[in-house]
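Q: Please see the structure below; I have some questions.
We did not get these values from a lab; they are worked out from the coordinates using the rules stated. Not measured: the values here are computed from a predicted model. Cβ sites come from the backbone with ideal geometry, for glycine too, and all protein chains shown count toward neighbours.
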Amino acid sequence: MPRNKAAAPDPAADLILNLTLGDERATERLAEDLAAALAPGDCLALSGDLGTGKSTLARALIRTLADDPELEVPSPTFTLVQTYGLPRYPVSHFDLYRLEEPEEIDELGLDEIMETGAALIEWPERAAGRLPADSIHIRIEPGGEPFARRVRITAPEGAGFGARLARSLAVRHFLDQAGSQGAARRYLQGDASSRTYETIRHDGTEVILMNMPARSDDRPVRDGLPYPRLVHLAESVRPFVAVGEELRRHGFSAPEIFAADLDQGFLLIEDLGREGVIADGAPIADRYLAAAELLADFHGERWPEEVPLPDGTRYRLSPYDHRALSFETELYTDWYLPFAGEEPTPALREEFHALWQAALATLDGGEITWVLRDYHSPNLIWRDERAGRDRLGLIDFQDAVLGSPAYDLGSLGFDARVTVPQDLERAVFSAYTARRAAADPSFDTAAFAKAYAVLSAQRLTKILGIFVRLARRDGKPAYLRHLPRLHTYLDRALDHAVLSDLKLWYERRRRVSG
């Protein structure tokens, strides 16, 4: 669908940034900060006289997004547009200096490009009236000194880029304050939440920036509480710091924290490595078994309910109670069932709720300990050169709660993002329970197996809803490819006798939805 167009930069547009760049390195640093804020659908209009540095800024930005300082980025003066298929999304570089009529830009496919990628446009004034109305305008002028430049960035109110750039510039200030002045920033990854990660390179070292803005705009959904608080998700970086430091005190390999701004949600943390527990999309059996044994050691420890923070405050872990667990299952009826073609009635919802309440009640009186909650392949770092507890690095544990240890083992054995064959899943279960029983003769394997079935089914039910929500609401359709695996897992978890009524309910839904 064609986007709204604007004739020219609005002189009343919001000023986002007005600064002077001292040299070309400062221009490259601004390009890194812009790249961290850029998103598909953004159009950066670069204006200024010949030789002011528009191409320099565009080239540095594209190389940053590609994480390739040697990438060939020729000026598209004669071709008018050059598109780069970069890892995260495509970026198109336009040079409209030779454009004869503004309408010609339509023939270059700008609207199509903006649907999935971003655009950098030099000489945007040549396309008067044909650029997106929410374009971000960057004006570059000589700065007085031979290599200095003055830069003015404006955008229409509500364009979204302004808030993202402000956050990116706050990251730069945090890095400067932490002693990493001039550090190179490269996108590392994002996840299903608002957290993002960057690789920070400075003086021959690499660390990880964790960028987690505090939740502030979640609307209440029940009992006056937003969804994250109902299910006890981390609302800032404070839980990550508190839980991570306690893990390290107990001899587990959580990242060391080098610098922190707890209020803004910035952390500089140790890079534990990039090797995981899967290869070519499949689990490495020995590493999954090692992860099961490490988890058994973790659950065998005595953990406090409350842990200190560096600012003198304390963080208290929340109980993973029936309300939270039951509420999470409703993601299935809210999101998955409509996706599958069945609109849940109030009676169906009530029946589903009652069945899950009965299943969760069977866990009452069971073992309670720390639950890391996302103990699966994306968050396990394999370090072959290490030994013992240090061989597996742990990340993404900020949502830790107090609950049944069976939840964590279900996260591993029924890994949502990689297919764990049934024989390996059973071996993982056996490795864990054998190690727990060896350390504690009172460990009740049968009771644990029941909790494992219930909580694995609960987690898989929740994730089916989450992955559909990510696809439908958040524009991340890639998550839908995991649904067949999740259904296979769910069938296996529901085979336990304690879930016989729920198994019948799910089977009826499958017949209804086809």
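Q: Which value in deg cm²/dmol, rounded to the nearest 500, describes the helix-derived mean residue ellipticity at 222 nm for the chain, given -39,500 (n - 2.57) per DSSP H run of n ≥ 4 and division by the residue count?
A: -12000 deg cm²/dmol
Q: Roughly how many debye, to the nearest 20, is the charge dipole of the range 273-513 about its Cα centre, given +1 on each Lys and Arg Cβ, -1 on each Asp and Glu Cβ, and no other charges?
A: On the way: 31 positive and 36 negative charges, 119 e Å.
That gives the range 273-513 a dipole magnitude of about 580 debye.
Q: If contacts are Cα pairs under 8 angstrom and at least 6 residues apart, what is the relative contact order of the chain in percent? If you can, show how the numbers build up before the last one.
A: Values: 855 pairs, mean separation 63.2, N = 514.
Relative CO of the chain lands at 12 percent.
Q: ASP280 to VAL221: extension gain in nm, 0.36 nm per residue of separation minus the Cα-Cα distance?
A: Gain on extension, ASP280 to VAL221, equals 17.2 nm.
Q: If each residue of separation counts as 0.36 nm, what is the full-extension length gain between LEU71 and HIS173 once their alpha-carbon separation is subtracted?
A: Working: separation 102, 0.36 × 102 = 36.72 nm, distance 2.77 nm.
Taking 0.36 nm per residue and subtracting the Cα distance, the gain is 34.0 nm.
Q: Over the range 5-177, how many percent of alpha carbon pairs lie in each 5 Å bin up to the one with the longest distance?
A: 1, 9, 18, 23, 23, 17, 7, 2, 0, 0
Q: Figure the gain on full extension for ALA449 and GLU103 (residue separation times 0.36 nm, minus the Cα-Cα span) and round it to one decimal in nm.
A: 117.8 nm
Q: Let me ask something else. Assuming R0 = 51 Å, can you tell me the calculated FRET efficiency for the pair GLU385 and ASP334, based on Cβ-Cβ distance, to the nearest 0.05?
A: 0.65
Q: Related question: In nm, to one decimal, how far is the ARG472 label point from the THR313 one, both placed 7 Å along Cα→Cβ?
A: My value for the distance between the label points is 3.6 nm.
Q: To continue, here is another question. I'd like to know which of HIS250, LEU131, SER442 lies farthest towards the positive end of the charge dipole of the chain, counting +1 on Cβ of Lys and Arg and -1 on Cβ of Asp and Glu.
A: Ranked along the dipole, the leading option is SER442.
Q: How about the range 286-360: which GluC sites (Glu not before Pro) there are in a DSSP loop, with at most 16 other Cβ atoms within 10 Å of their Cβ?
A: Hits after loop and neighbour filter: GLU301, GLU305, GLU342.
Q: Something else about it: What are the ³J(HN,Hα) couplings of the range 47-59, residue after residue, when phi is run through the Karplus curve with 6.51, -1.76, 1.60 and θ = phi - 60°? Round to Hz, x for glycine and proline.
A: Once rounded to whole Hz, the list reads 10, x, 5, 4, x, 7, x, 4, 5, 4, 5, 5, 5.
Q: What distance in nm separates the simple spin-label points at GLN422 and ARG302, each placed 7 Å from Cα in the Cβ direction?
A: So the two model labels end up 4.2 nm from each other.
Q: What's the lysine pair count for the chain at a Cα cut-off below 30 Å, pairs eight or more apart or interchain? It would help to have the intermediate numbers written out before the result.
A: Working: LYS5/LYS54; LYS5/LYS476; LYS450/LYS462; LYS450/LYS503; LYS462/LYS476; LYS462/LYS503; LYS476/LYS503.
Lysine pairs satisfying the spacing and distance rule in the chain number 7.
Q: Helix 322-331: angle to the longest alpha-carbon principal axis of the chain, degrees 0 to 90, nearest 10?
A: 50
Q: Which FRET efficiency value, to the nearest 0.05, is calculated for SER442 and ALA361 with the Förster distance at 22 angstrom and r the Cβ-Cβ distance?
A: 0.45
Q: Say R0 is 45 Å: what FRET efficiency, to the nearest 0.05, do GLU256 and ALA148 get from their beta-carbon distance?
A: 0.70
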